[in-house]
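Written below as structure tokens is the structure these notes are about.
The values are calculated or read from the model by the stated rules, or taken from the named source; none is laboratory data. On a predicted model such as this, the values are computed, not experimentally measured, just so you know. Neighbour counts are summed over all protein chains in view; Cβ atoms, including those assigned to glycine, are modelled from backbone coordinates with ideal geometry. Keep in mind that these areas ignore ligands, DNA and RNA; they rest on the heavy atoms of the full protein, side chains included. Shrake-Rupley method; radii C 1.70, N 1.55, O 1.52, S 1.80 Å.
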Amino acid sequence: MTKKEKKSRGKRLFGKKSLAVLIVALLLLVAGLFLFSIRITDIRVEGNSHYTREEVVDMLFPEETDRITVWCFFKQRFGEKKDLAFIQSYEMNFIGMHSVEVILYEKSIVGCIEYMGSYMYFDKDGIVVESSSEKEPDIPLITGLTFERIALYQELPVPKRAVFEEILNLTQLLKLYEIPAGQIYFDPQNRATLTMADQTDGEGNLRNLAGVKVLLGDRNNMEEKISELKNQIPHLYGLTGVLHLENYSPGSMNPRYVFERE
């Protein structure tokens, strides 16, 4: 084979390789464009009691590109998860190419303290787990106590252990019995007064309870007091006044307590 023929053959091979590379590149480009055109259209949210579904979607998918299935999967697999207030962690499960299921694991918050212009939220163990400039309406605010210093991820610095235990006991009872609490005030003798919060029923109707205060007194019979309060809530809608449960005695045949209208 002559030198000229070798050169001609090399050009043909180079031309075929270039064409093959070009075809592969075009196929990859088309495949990439196709994959990036697939978008998430169905977002399901579970485990959300603190946020609405719409709020969760806005936080996790703030940009249009966040709904591109391939991009979203890549970020969830290899990127860092977003830090969401009041959320311990979350999972994102892909169901097909157009649907995703978000499962939230919320922090078990039972109350908050106002400290230096911020609201410090604590869990059932008394650990401060969140700080926010806004007061969440469904979490009771503890007042009447003073604190020198409150730090995230540390226990509430209450001077007396008995007071600490009383705060945790009462806030957990309110959560257990689903009592809508706005504020809990502790006086110098550690007697508790509860200011209730408005409540929404299962059909979305507002039940006005914010005008009701409940004198709970000391820690004696506290669970029985909260249980009785739960029973009385339907009779308190729309009222303004003070319900006296500080001397409630569950062992009495005719337990006495009064509601003072204002």
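Some notes on this structure:
- Qualifying residues in region 205-243 (those that are in a strand (DSSP E or B) and out of contact with any Asp or Glu (no Cβ under 7 Å at 6 or more places or on another chain)) - the one nearest to L174 (Cα to Cα): V214
- Meets criteria (in contact (Cβ under 8 Å) with a residue 60 or more places away in the chain and either touching an Asp or Glu at 6+ places or on another chain (Cβ under 9 Å) or outside any strand (DSSP E or B) (or both)) for V100: yes
- One residue alone among V110, V163, V128 is in contact with a Leu (Cβ under 9 Å, 6 or more places away or on another chain) and not in a strand (DSSP E or B), and that residue is V163.
- Matching residues in region 79-96 - criterion: being loosely packed, with under 14 Cβ neighbours inside 10 Å and more than 30 Å from E134 (Cα to Cα): N93, I95, G96
- Residue within region 63-78 that is under 19 Å from the mean Cα position of the chain (by Cα) and surrounded by fewer than 16 Cβ atoms within 10 Å (Cβ to Cβ) present: no
- Restricting region 110-137 to residues that are surrounded by 14 or more Cβ atoms within 10 Å (Cβ to Cβ) and of a type in the set (D, E) leaves a set whose member that is farthest from the chain's Cα centre (by Cα) is E114.
- Subset of region 86-97 that is in a strand (DSSP E or B) and closer than 19 Å to K175 by Cα - its residue that is farthest from the chain's Cα centre (by Cα): Q88
- Only one of G251, G204 that is at pLDDT below 90 and open to solvent by less than 60 Å² (accessible area, probe 1.4 Å): G204
- Identity of the residue in region 177-201, of a type outside the set (A, V, I, L, M) and assigned to a strand (DSSP E or B), that ends up least open to solvent (accessible area, probe 1.4 Å): F186
- Subset of region 118-131 (residues that are at pLDDT 90 or above and of a type outside the set (A, V, I, L, M, F, W, C)): S118, Y119, Y121, E130, S131
- Taking first residues from region 43-55 that are farther than 21 Å from F94 by Cβ and modelled with pLDDT under 85 and partners that are surrounded by 13 or more Cβ atoms within 10 Å (Cβ to Cβ) and of a type outside the set (D, E, K, R), the Cβ contacts under 6 Å between residues at least 6 apart in sequence or on separate chains come to H50/F86.
- Consider region 156-174 and keep the residues that are open to solvent by 30 Å² or more (accessible area, probe 1.4 Å), under 25 Å from the mean Cα position of the chain (by Cα) and at pLDDT below 90. The one that is nearest to I113 (Cα to Cα) is P157.
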